[in-house]
Amino acid sequence: MKKRQSRPAAWTSAEIQKIAGIPGVRKKTAYIWEYYKLWIIGIIAAVWFVTFAVHQYTTTLREYWCYIIFNNTYADAGDHSRIWDDFVKYAGFDLREKAVVFKADSYFDYLKGVTGNSYFEAFVAYADSGTLDGITMGTESLAELGKTGRLMDLNREECASIREKYGDRLIYCIPNDPEYGSDPVPVGIDVTDSRLVTQYHVYEENCALGIGAGSGNLQSMEQFLDFIFGGQE
């Protein structure tokens, strides 16, 4: 009786020729699986592990100085763009401690419907997890988005300093959830005449900024507002 090999043969040219000479795909597959299954399983496991590790690294919640989405723009406003660099320097953030994320690859308009829109689904995930600190878009679109309850009510006590500086720019909406009552609630700040438009050209028309309802970085968002309005104190 032929003794079964205890370990797979090396992939020499002779071995390759031997496999090529086996008739039929099924017999080739059976032979390869019989003698190389440990290698195959090992390779699959290694690929899975690397994929899993990369996924964990890119999706695990990180600590952020701020996480801002610039929605519906084709301008260069993402990480390491000019506006990102200027803001990081202005705020004096230590990126060894926490990250600053600017996302400029999101496209949805709540005025036009968002069913099946993966960008909106990503926004919901960021907002509901408390990751989102701010989002900018057209003024009317932001007011409509505010009705979902995913933008912070700027009447909150912790927003007092922002209201004091930018109270004449507030954007209002009436939330869909009756729990909030029927009175208009401030959910955004008009930034149409800010450096976001005049210097960085992230938008060419009217635009507004909303703060994520679960944001824990209000100070950073106030710094961002001060930055785009010229660094006022």
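The values are calculated or read from the model by the stated rules, or taken from the named source; none is laboratory data. This structure is a prediction, so every number in the text was calculated from the model and none was measured. Counting neighbours? That spans all protein chains shown, and the Cβs are built from the backbone with ideal geometry, glycine included. Protein only, heavy atoms only, side chains kept; ligands, DNA and RNA dropped before computing areas. Shrake-Rupley method; radii C 1.70, N 1.55, O 1.52, S 1.80 Å.
Some values worked out for this structure:
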read-out	value
Length released on extending from HIS201 to ASP85, taking residue separation times 0.36 nm less the Cα-Cα span	40.2 nm
Computed helical MRE - 222 nm, the chain, DSSP H runs ≥ 4 contributing -39500 (n - 2.57), nearest 500	-12500 deg cm²/dmol
Between helix 118-128 and the chain: long-axis angle, C-alpha atoms, 0 to 90°, nearest 10	70 degrees
Between 0 and 90°, nearest 10: helix 82-91 axis offset from the chain longest Cα axis	60 degrees
Rounded tilt (10° steps) of 218-228 against the dominant C-alpha axis of the chain	70 degrees
Probe 1.4 Å, accessible area per residue of the chain, Å²	59 Å²
Accessible surface of region 97-228, 1.4 Å probe, proportion on carbon and sulfur as whole %	44 percent
Antiparallel content of DSSP bridges confined to the chain, in %, to 5	55 percent
Size of electric dipole in the chain: Cβ of Lys, Arg +1 and of Asp, Glu -1, about Cα centre, debye, nearest 20	2840 debye
Extension gain (nm, one decimal) between TYR180 and SER129, 0.36 nm per residue minus Cα-Cα	16.3 nm
FRET efficiency, 1/(1 + (r/R0)^6) with R0 25 Å, evaluated for ALA14 and LYS37 via beta carbons	0.75
Region 129-233: relative contact order in percent, alpha carbon pairs under 8 Å with at least 6 residues between	38 percent
Whichever lysines have a C-alpha closer than 16 Å to that of LYS147, once near sequence neighbours (fewer than 8 apart) are set aside	LYS112
Nonlocal amide H pairs with VAL100, under 5 Å, H built at 1.01 Å	TRP65
Packing-based ranking, highest mean first, of 36-44, 182-190 given that Cβ atoms within 10 Å are counted	182-190, 36-44
Cubic angstrom per residue, convex hull over Cα atoms of the chain	223 Å³
Centroid-to-centroid separation of region 133-170 and region 190-227 [C-alpha atoms, Å]	10 Å
Packing rank of 121-134, 152-165, where each peptide gets the mean count of other beta carbons within 10 Å, highest leading	121-134, 152-165
Pairs of Cα atoms farther than 21 Å apart, region 132-219, %	26 percent
Value of relative contact order over the chain, rounded to a whole percent, pairs C-alpha under 8 Å and six or more apart	19 percent
Whole-Hz couplings from phi, Karplus 6.51/-1.76/1.60, listed for region 131-142; x for Gly and Pro	6, 5, 9, x, 9, 10, 5, x, 4, 5, 5, 5
